[in-house]
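Worksheet: the structure to be examined is printed underneath.
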Amino acid sequence: IITLSDLECDYINARSCCSNLNKWVVPEVIGHAVVTVLMLISLHWFIFLLNLPVATWNIYRYIMVPSGNMGVFDPTEIHNRGQLKSHMKEAMIKLGFHLLCFFMYLYRLVSKIAPK
């Protein structure tokens, strides 16, 4: 979110912004897919079903990158067609999702450890 807002305010150029963001796309896809599979294996159905759409969206977004682009974030296209605004909106939604998941995981951890 900070990198995208820096690009929006012209504090950094599009190429450095996109290279910084693209280096985190693959670890994000792998990490979220691993967490989703672990929730399936451990039979946490609600959390698995909550994570499945986000993991699917991350994989879809990574697979559908056009062949000439630098990655999911492309410096030649980020200012076109409102992509910067949509990337900011997506980053905000993901931030909210990850905060929700953090507190759900924390609650589950405390409820399992706390004596009854």
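The values are calculated or read from the model by the stated rules, or taken from the named source; none is laboratory data. Predicted model only: the values in this text are computed from it and were never measured. Virtual Cβ from ideal backbone geometry, glycine too; neighbours counted across all protein chains shown. The accessibility values were calculated without ligands, DNA or RNA, using every heavy atom of the protein model including side chains. Shrake-Rupley method; radii C 1.70, N 1.55, O 1.52, S 1.80 Å.
Shape descriptor for the chain: Rg over Rh equals 1.06 (Cα atoms; Rh from the Kirkwood inverse mean 1/r).
Ordering ILE113, VAL72, VAL26 by Cα displacement along the dipole of the chain toward the positive end leaves ILE113 in first place; charges were set at the Cβ atoms of Lys, Arg (+1) and Asp, Glu (-1). With helices as the sole contributors, the chain gives -24000 deg cm²/dmol at 222 nm; each DSSP H run of n ≥ 4 counts as -39500 (n - 2.57), and the sum is divided by every residue.
Measuring with a 1.4 Å probe in the full set of protein chains, what accessible area per residue, in whole Å², belongs to the chain? Spell out each step's value before the answer.
Details: 8010 Å² over 116 residues.
Result: 69 Å² of accessible area for each residue.
Taking the longest Cα principal axis of the chain as reference, the axis of helix 83-113 is set at about 20 degrees.
Restricting attention to the chain, the count of lysine pairs at 8 or more positions apart or across chains with alpha carbons under 25 Å apart stands at 4.
Angle of helix 25-41 to the longest C-alpha principal axis of the chain, folded into 0 to 90 degrees and rounded to 10: 20°. Distance between Cα centroids, segment 5-40 to segment 68-96: provide it in whole Å. When both Cα centres are located, 10 Å separates them.
Taking 0.36 nm per intervening residue step and subtracting the Cα-Cα distance, what contour gain separates MET70 from CYS9 on full extension?
Separation in residues times 0.36 nm, less the Cα-Cα distance, equals 19.8 nm.
Taking only protein heavy atoms and a 1.4 Å probe, the accessible area of the chain is 71% carbon and sulfur. Projected label points at SER86 and SER42, each 7 Å from Cα along the beta carbon direction, are separated by 3.5 nanometres.
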